[in-house]
């Protein structure tokens, strides 16, 4: 009991900011112990830690091969598409899942980018989950970005051990951005990249 009395006296001596920090820390620990709130906290933290994507210097940019463009996937209705179907436009290619907190954290920014550039660039969000799960998630969150399902192996150029991973590809087939983890896709620097890719 003496220990707790001492801690209480120390707490009372702290500044307003120190007290608030301690309370928030305790609430965060308690929330992490509740399974229902754990995922939401991870989404929130992923969003806080997200940074703006950086472009790859021109000499290090990789160009897609004709075989890469033959890679195929399906939309949520089972119709097959090839990457070549989106040729002639910049492509925003994102691998994600509905259970992945960093994926969920960056989705509103991707939606903002799609709202701005969706008519001029191709947006391809790929998941290997059941289409019903993906469609339900998109409807519940109010997102209308085009989503597709992985059906075949991914070309080596897009291989990644983790998600989310995003590739921004120029109309000429050069990978100008490769970003692993959540990103701030509606940042001013990313908007400038998109304008540059579109020749605006």
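Set against the 2.2 N^0.38 Å expectation for a compact globular protein, the stretch 58-197 has a Cα radius of gyration ratio of 0.98. Put in line by how crowded their Cβ is, counting other Cβ atoms within 10 Å and starting with the fewest, 96, 185 read 96, 185.
Estimated at 0.36 nm per residue, the fully extended path between residue 63 and residue 99 surpasses their Cα-Cα distance by 9.8 nm. The label-point distance for residue 132 and residue 75, in a model that sets each label 7 Å from Cα toward Cβ, rounds to 2.1 nm. Taking label positions 7 Å along the Cα-Cβ direction at both residue 153 and residue 141, the computed distance is 3.0 nm, reported to one decimal. Centroid-to-centroid, using Cα positions, the stretch 110-144 and the stretch 163-184 are 16 Å apart. Working note: Debye formula, equal point scatterers on the alpha-carbon atoms of the stretch 47-134, no solvent; log10 I(q)/I(0) at q = 0.14, 0.17, 0.20 Å⁻¹ is -0.63, -0.94, -1.25. Averaging the sequence gap over all C-alpha pairs within less than 8 Å and six or more residues apart, then dividing by the number of residues, gives the stretch 50-200 a relative contact order of 38 percent.
Here, each number is a calculation from the coordinates, and none is a lab measurement. Everything numeric here is computed off the predicted structure, so don't read it as measured data. With ideal geometry, Cβ positions are generated from the backbone for all residues, glycine too; neighbour counts draw on all protein chains shown.
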